[in-house]
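A.B. asks: Here it is: the structure, laid out below.
The values are calculated or read from the model by the stated rules, or taken from the named source; none is laboratory data. From a predicted model like this one, the values you see are computed outputs, not experimental measurements. Cβ atoms come from the backbone with ideal geometry, glycine included; neighbour counts cover every protein chain shown. Quick note on the areas: whole protein, heavy atoms, side chains included, nothing else; ligands and nucleic acids left out. Shrake-Rupley method; radii C 1.70, N 1.55, O 1.52, S 1.80 Å.
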Amino acid sequence: MFAQIAAGVGMTVSITGASLLIGALLGLPLVAARRSAWTPLRTLATAYIDIVRTIPPITWLFLIYFGLPQYALRLDSVSASIIGFSMIASAYMAETYRSGLLSIPQGQWEAATALGMKFLPKTRYIITPQAFKVTLPAIAAYAISLLKDSALASTIGVHEITYQAGLVSRATHQGLLAFSIAGLLYIAMSIPLALAARRVDRVLRQKLEVA
Amino acid sequence: MPFLDQWISWLPALSPGLGVSLTLTGLCLLFGMPFGLLLALILEGPVKPLRIAALVVVEVGRGAPALVLLYLLYFGLPEGGVTLSAFATGVISLSWTTGAYASELFRSGLAAVPAGQREAAVTSGLRGWSGFRYIILPQAIRISTPPLASLGVTIFQTSSLAFVIAVPELMSKAYALGSITFEYLSVFALTSVLYGSITLVALAFVRLAEQRLSRHL
Amino acid sequence: MEIATERAASPPTVGGVKVLGLHKSYGKHAVLHDVNLDMAEGEVVSIIGPSGAGKSTFLRCLNYLEVPTAGTITIGDTTVDAGARRPDRASLDRLRRVTGMVFQNFNLFPHLTVLENITLPQMKVLGRSREEANAVADSLLNRVGLAAKSDQHPSRLSGGQQQRIAIARALALSPKVMLFDEPTSALDPELGLEVLAVMRDLADEGMTMIVVTHEMHFARDVSDRVMVMADGRVLELGPSEQVMTAPTHERTKKFLRAVLDR
Ligand SMILES: Nc1ncnc2c1ncn2[C@@H]1O[C@H](COP(=O)(O)OP(=O)(O)OP(=O)(O)O)[C@@H](O)[C@H]1O
Ligand SMILES: [Mg+2]
């Protein structure tokens with residue numbers, strides 16, 4: 001039974017990993033737009049972030065998986081969930097980046113500007129390394145929550161952990177056991193993420209404080 | 001705007017579902033918040049076996065997806081000889097999730113009460129339970145209220161999961177409507193608008209409450 | 001600490017303070033070495049000394065906010081012996097009942113109104129009725145000149161007003177001894193003056209007070225004796241006039257010069 005449920009781990013990891021990666025990349029232009037001085041762009045980015053986050057993930061998945069084929073865009077369930085979760089992740093990642101940036105005291109920007117640094121080097125060498133310290137644990141925390149959200153993909157038929165547990169429980173009538181195993185698998189998978197985050201956090205903190 | 005007419009004609013079919021979603025959320029907060037506070041008190045308390053039990057409840061509640069907890073209770077309770085309606089199972093399961101997350105928020109609220117407050121309580125003779133009850137706890141609850149309110153909004157969204165165990169809430173009504181009309185895109189768009197607008201309104205209230213509460217801190 | 005216990009057998013005058021052989025260390029790091037103090041009822045002692053001298057630690061040991069490593073503390077007729085591993089709850093409660101404490105950063109309860117800050121401890125600790133507690137609070141608020149503020153929350157008050165409320169809160173429990181830890185350090189000079197005025201009145205009315213302070217005027221003019229601390233030891237302890245103008249210890253002279261030059 002365990003093997004059958006654990007067979008979903010690969011799919012869970014793929015969906016979570018792919019969505020996190022795409023979301024992390026999309027989050028970059030999104031946060032830039034969110035902080036843009038040009039009001040229409042800023043409003044658009046803000047609206048996107050808010051709308052994505054105020055609608056439950058399962059609604060997004062259904063909208064994409066059941067709704068889009070109406071316009072001949074037929075997606076398989078895996079692609080549909082990666083698209084949905086990437087979209088959601090991009091909004092959360094943009095907010096994570098933003099709070100990282102906000103945590104940098106104004107004085108750091110000013111000091112870099114006073115030294116004559118342009119926007120890109122300023123961002124690259126002064127701000128990002130400092131913002132990273134705040135952002136990384138938040139990214140890890142979001143990765144864990146995305147990992148758990150990925151369970152929703154089972155509702156549109158993706159063969160990940162929860163889906164497998166459902167199959168097993170229907171076949172064996174041992175739902176308690178099947179879903180306990182599933183739950184423990186998720187917990188076990190998030191532990192390394194949490195530990196890694198704590199470790200990186202500590203190392204970065206030490207580095208920055210010495211500097 | 002033809003889709004608007006369509007939406008309006010659908011509202012009667014969806015609104016009972018929205019009612020169930022809101023009721024479900026309300027009950028989960030009603031049970032989940034005190035449960036979370038209880039868990040937090042046990043976790044901060046001196047009794048080790050209780051602490052370990054509470055820790056398991058919290059870690060599973062936060063560590064396992066809410067969906068898995070729903071299935072776990074939905075399939076597990078009958079196997080243990082307990083037969084409940086899907087709705088009751090949804091309430092229990094989501095209250096567990098709520099309590100687990102709330103306990104962490106209560107604990108960080110407790111930790112955020114300045115050490116000087118404990119000292120002032122003790123030097124004013126308020127030690128032990130009465131100091132906790134009258135000085136520390138009220139401040140911790142105030143500190144925790146904004147994140148708890150945000151949690152409430154999250155739980156409203158999470159209530160959509162009850163769909164999978166056939167609780168007739170908004171998602172399940174929407175799905176049913178979609179399978180009759182085959183207008184999935186439009187139906188789920190309307191559903192999104194409903195979830196989104198309620199969430200936004202609720203968040204606005206959270207922000208307002210936040211401002212009011214921070215006045216005396 | 002057998003000797004200390006023996007000496008503590010002679011209690012101070014009623015309401016006085018007697019501290020014998022007080023030691024405190026954090027792990028291996030000793031912060032207080034053999035501090036002794038004997039005060040009569042109604043006496044005011046100021047404690048001065050450089051930062052890190054152990055002034056706060058000493059004061060906080062007196063009501064067991066810090067647990068001393070060794071020594072005995074007698075306040076009024078309550079004696080607590082740190083040599084005895086864990087003092088019983090009852091004597092700790094009594095020790096805290098007879099001491100009132102005022103903190104550098106006030107520590108008023110932000111979720112309660114000014115009035116409630118003063119009445120709640122009375123009702124919960126002394127079991128007074130709301131009416132009694134209100135009456136006590138009213139008269140104390142009058143005394144510190146803040147009767148008009150009773151329904152406000154602390155965050156609406158200036159630092160000086162908050163500190164006066166904190167004093168009233170402590171007085172409401174009728175302590176025998178008042179402990180002040182730099183009560184004016186967090187305040188602008190003018191606001192500090194209104195707090196010092198309240199403290200001066202309190203001293204005139206015969207309250208026994210121990211005041212850690214950087215206010216040299218207060219130390220000289222209001223207190224009966226001044227205790228100078230450095231590196232966890234008492235350098236000297238004598239009549240304030242003498243300590244402030246003709247200190248015997250070289251370190252004290254240096255410290256006073258440094259402070260007065262500022
Ligand atoms: N919790 C603690 N753990 C370890 N060392 C401590 C602790 N609290 C105080 N100390 C140390 O004890 C010494 C005395 O501190 P204390 O606060 O009593 O000094 P102070 O005379 O009140 O100084 P200040 O004028 O700065 O308030 C200091 O060296 C301090 O570092
Ligand atoms: Mg001090």
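A.B. asks: Which of the residues belonging to the stretch A:36-72 are more than 10 Å from every other protein chain (Cβ to nearest Cβ) and assigned to a loop (DSSP other than H, G, I, E, B)?
C.D. replies: As a first pass, look at the stretch A:36-72 and keep what is more than 10 Å from every other protein chain (Cβ to nearest Cβ): A:36-49, A:72.
Within the stretch A:36-72, A:S36, A:A37, A:W38, A:A72 qualify.
A.B. asks: Sticking with this one: Pairs, please: C-beta under 9 Å, at least 6 apart or cross-chain, first residue without any contact (Cβ under 8 Å) to a residue 60 or more places away in the chain and within 23 Å of B:S192 (Cα to Cα) and in the stretch A:27-49, second outside any helix (DSSP H, G or I) and charged (D, E, K, R)?
C.D. replies: A:R42/A:R35; A:A45/A:R35
A.B. asks: Determine, yes or no, whether C:S223 is away from ligand 1 (no atom under 16 Å from the Cβ) and small (G, A, S). Spell out the reasoning first.
C.D. replies: Values: away from ligand 1 (no atom under 16 Å from the Cβ): yes; small (G, A, S): yes.
It is true that C:S223 is away from ligand 1 (no atom under 16 Å from the Cβ) and small (G, A, S).
A.B. asks: Being within 22 Å of B:F31 (Cα to Cα) and assigned to a helix (DSSP H, G or I) is the requirement here; does B:T191 meet it? Before the answer, list the steps.
C.D. replies: Details: within 22 Å of B:F31 (Cα to Cα): no; assigned to a helix (DSSP H, G or I): yes.
For B:T191, the condition - within 22 Å of B:F31 (Cα to Cα) and assigned to a helix (DSSP H, G or I) - is not met.
A.B. asks: Here's a follow-up. So B:P12 fits all but one of (1) farther than 20 Å from B:P168 by Cβ; (2) more than 20 Å from the chain's Cα centre (by Cα); what number is the exception?
C.D. replies: The single condition B:P12 does not satisfy is (1).
A.B. asks: Okay, next question. What's the number of the condition C:R164 fails, among (1) within 17 Å of the chain's Cα centre (by Cα); (2) closer than 25 Å to C:N36 by Cα; (3) away from ligand 1 (no atom under 16 Å from the Cβ)?
C.D. replies: (2)
A.B. asks: Ok, one more. Which one of these is over 24 Å from B:A174 (Cβ atoms) and open to solvent by 10 Å² or more (accessible area, probe 1.4 Å): A:F66, A:F119?
C.D. replies: None of the other options fit; the residue is A:F119.
A.B. asks: Please go through (1) touching a helix residue (DSSP H, G or I) at 6+ places or on another chain (Cβ under 6 Å); (2) under 28 Å from C:S139 (Cα atoms) for C:L65 and return the number of the only condition it doesn't satisfy.
C.D. replies: Failed condition: (2).
A.B. asks: Pick from the stretch B:37-69 the residues that are in contact with a Gly (Cβ under 8 Å, 6 or more places away or on another chain) and at the interface with chain A (Cβ under 9 Å from one of its Cβ atoms): which of them is most open to solvent (accessible area, probe 1.4 Å)?
C.D. replies: Filtering the stretch B:37-69 for residues that are in contact with a Gly (Cβ under 8 Å, 6 or more places away or on another chain) and at the interface with chain A (Cβ under 9 Å from one of its Cβ atoms), the one most open to solvent (accessible area, probe 1.4 Å) comes out as B:V60.
A.B. asks: State the number of residues belonging to the stretch C:186-218 that are within 16 Å of ligand 2 (Cβ to nearest atom) and either assigned to a strand (DSSP E or B) or within 14 Å of another protein chain (Cβ to nearest Cβ) (or both).
C.D. replies: Final tally of qualifying residues: 4.
A.B. asks: Please report, ordered by residue number, the strands (runs of 3 or more DSSP E) entirely within the stretch C:12-111 with at least 3 residues that are over 30 Å from B:S214 (Cβ atoms) and more than 16 Å from ligand 1 (Cβ to nearest atom). Walk me through how you get there before you give the answer.
C.D. replies: Details: elements: C:17-26, C:29-39, C:44-48, C:70-75, C:78-81, C:99-102.
Per the criteria, C:17-26, C:29-39, C:70-75, C:78-81.
A.B. asks: Next question. Quick one: would you say A:A197 is hydrophobic (A, V, I, L, M, F, W, C), open to solvent by less than 50 Å² (accessible area, probe 1.4 Å) and away from chain B (no Cβ under 14 Å)?
C.D. replies: Numbers: hydrophobic (A, V, I, L, M, F, W, C): yes; open to solvent by less than 50 Å² (accessible area, probe 1.4 Å): yes; away from chain B (no Cβ under 14 Å): yes.
Yes.
A.B. asks: To continue, here is another question. Would you mind stating whether C:I75 is buried (at least 23 other Cβ atoms within 10 Å of the Cβ), in contact with a His (Cβ under 8 Å, 6 or more places away or on another chain) and of a type in the set (A, V, I, L, M, F, W, C)?
C.D. replies: On the way: buried (at least 23 other Cβ atoms within 10 Å of the Cβ): yes; in contact with a His (Cβ under 8 Å, 6 or more places away or on another chain): no; of a type in the set (A, V, I, L, M, F, W, C): yes.
Against the criterion (buried (at least 23 other Cβ atoms within 10 Å of the Cβ), in contact with a His (Cβ under 8 Å, 6 or more places away or on another chain) and of a type in the set (A, V, I, L, M, F, W, C)), C:I75 does not qualify.
A.B. asks: Kindly provide the set of residues from the stretch B:24-52 that are β-branched (V, I, T) and without any contact (Cβ under 8 Å) to a residue 12 or more places away in the chain, ordered by number. Reasoning before the result, please.
C.D. replies: Filtering the stretch B:24-52 for residues β-branched (V, I, T) gives B:25, B:42, B:47, B:52.
Hits for the stretch B:24-52 are B:V47, B:I52.
A.B. asks: Given the conditions (1) assigned to a helix (DSSP H, G or I); (2) crowded, with 20+ Cβ neighbours inside 10 Å; (3) free of Cβ contacts under 8 Å to residues at least 40 places away in the same chain, and given that B:K173 satisfies all but one, which numbered condition is not satisfied?
C.D. replies: (3)
A.B. asks: Still on this structure, please answer the following. In the set C:V125, C:V102, which member is touching a Leu at 6+ places or on another chain (Cβ under 8 Å), away from ligand 2 (no atom under 16 Å from the Cβ), on the phi < 0 side of the Ramachandran plot and in contact (Cβ under 8 Å) with a residue 40 or more places away in the chain?
C.D. replies: Working: C:V102 fails: away from ligand 2 (no atom under 16 Å from the Cβ).
That would be C:V125, the only listed residue that is touching a Leu at 6+ places or on another chain (Cβ under 8 Å), away from ligand 2 (no atom under 16 Å from the Cβ), on the phi < 0 side of the Ramachandran plot and in contact (Cβ under 8 Å) with a residue 40 or more places away in the chain.
A.B. asks: Let me ask another. Within the stretch C:58-79, take every residue that is of a type outside the set (V, I, T) and within 14 Å of chain B (Cβ to nearest Cβ) and give me the one that is farthest from ligand 2 (Cβ to nearest atom).
C.D. replies: Going through the qualifying residues, I end up with C:Y64.
A.B. asks: Within the stretch A:160-190, track down each residue that is more than 8 Å from chain B (Cβ to nearest Cβ) and more than 24 Å from A:I82 (Cβ to Cβ).
C.D. replies: Within the stretch A:160-190, A:V168, A:R170, A:A171, A:T172, A:L177, A:I181 qualify.
A.B. asks: Identify the single condition in (1) touching a strand residue (DSSP E or B) at 6+ places or on another chain (Cβ under 6 Å); (2) surrounded by fewer than 18 Cβ atoms within 10 Å (Cβ to Cβ) that B:T123 does not satisfy, given that it satisfies every other one.
C.D. replies: Unmet for B:T123, out of (1) touching a strand residue (DSSP E or B) at 6+ places or on another chain (Cβ under 6 Å); (2) surrounded by fewer than 18 Cβ atoms within 10 Å (Cβ to Cβ): (2).
A.B. asks: Another question, if that's okay. How many of the residues in the stretch C:171-195 are surrounded by fewer than 19 Cβ atoms within 10 Å (Cβ to Cβ), away from ligand 1 (no atom under 16 Å from the Cβ) and either of a type in the set (V, I, T) or within 19 Å of C:S56 (Cβ to Cβ) (or both)?
C.D. replies: Summing the residues that are surrounded by fewer than 19 Cβ atoms within 10 Å (Cβ to Cβ), away from ligand 1 (no atom under 16 Å from the Cβ) and either of a type in the set (V, I, T) or within 19 Å of C:S56 (Cβ to Cβ) (or both) in the stretch C:171-195 gives 0.
A.B. asks: Also, I was wondering about something else. Got at least one residue in the stretch C:240-253 being at pLDDT 95 or above and within 15 Å of ligand 1 (Cβ to nearest atom)? Explain how you work it out, then say what you get.
C.D. replies: From the stretch C:240-253, those at pLDDT 95 or above are none; that's our starting set.
Looking for residues that are at pLDDT 95 or above and within 15 Å of ligand 1 (Cβ to nearest atom), one finds none in the stretch C:240-253, hence no.
A.B. asks: Run B:P34 past the list (1) over 22 Å from B:G152 (Cβ atoms); (2) surrounded by fewer than 19 Cβ atoms within 10 Å (Cβ to Cβ) and report the number of the one that doesn't hold.
C.D. replies: Unmet for B:P34, out of (1) over 22 Å from B:G152 (Cβ atoms); (2) surrounded by fewer than 19 Cβ atoms within 10 Å (Cβ to Cβ): (1).
A.B. asks: Scan the stretch A:1-35 residue by residue and report those that are in a loop (DSSP other than H, G, I, E, B), modelled with pLDDT under 90 and among the hydrophobic types (A, V, I, L, M, F, W, C). Spell out how you get there, then give the answer.
C.D. replies: Restricting attention to the stretch A:1-35, the residues satisfying the condition of being in a loop (DSSP other than H, G, I, E, B) are A:1, A:7-8, A:35.
From the residues that got through so far, the ones that are modelled with pLDDT under 90 too are A:1, A:35.
A:M1 - this is the single residue of the stretch A:1-35 that is in a loop (DSSP other than H, G, I, E, B), modelled with pLDDT under 90 and among the hydrophobic types (A, V, I, L, M, F, W, C).
A.B. asks: Touching a residue at least 60 places away in the same chain (Cβ under 8 Å) and over 16 Å from the mean Cα position of the chain (by Cα), is that true of C:D231?
C.D. replies: Working: touching a residue at least 60 places away in the same chain (Cβ under 8 Å): yes; over 16 Å from the mean Cα position of the chain (by Cα): yes.
Spelling it out, C:D231 is indeed touching a residue at least 60 places away in the same chain (Cβ under 8 Å) and over 16 Å from the mean Cα position of the chain (by Cα).
A.B. asks: Going through the stretch C:145-170 one residue at a time, which ones are open to solvent by 10 Å² or more (accessible area, probe 1.4 Å) and away from every other protein chain (no Cβ under 11 Å)?
C.D. replies: Once the filter is applied, which keeps residues that are open to solvent by 10 Å² or more (accessible area, probe 1.4 Å) and away from every other protein chain (no Cβ under 11 Å), the stretch C:145-170 yields C:G145, C:A147, C:A148, C:K149, C:S150, C:D151, C:L157, C:S158, C:G159, C:Q161, C:Q162, C:R164.
A.B. asks: Between a first residue in the stretch C:37-57 that is over 14 Å from C:A219 (Cβ atoms) and within 14 Å of chain B (Cβ to nearest Cβ) and a second residue that is assigned to a strand (DSSP E or B) and more than 8 Å from ligand 2 (Cβ to nearest atom), which pairs have beta carbons less than 7 Å apart while being 6 or more apart in sequence or on different chains?
C.D. replies: Filtered contacts from the stretch C:37-57: C:T57/C:K24; C:T57/C:V31; C:T57/C:L32.
A.B. asks: Please work out which residue is farthest from ligand 2 (Cβ to nearest atom), limiting yourself to the stretch C:42-54 and to residues that are open to solvent by 10 Å² or more (accessible area, probe 1.4 Å) and under 20 Å from C:E241 (Cα atoms).
C.D. replies: C:G42
A.B. asks: Ok, one more. Out of C:L59, C:L95, C:L141, report the one residue that is open to solvent by less than 10 Å² (accessible area, probe 1.4 Å), in contact with a Phe, Trp or Tyr (Cβ under 9 Å, 6 or more places away or on another chain) and more than 19 Å from B:G116 (Cβ to Cβ).
C.D. replies: On the way: C:L59 fails: more than 19 Å from B:G116 (Cβ to Cβ); C:L141 fails: in contact with a Phe, Trp or Tyr (Cβ under 9 Å, 6 or more places away or on another chain).
Exactly one residue qualifies, and that residue is C:L95.
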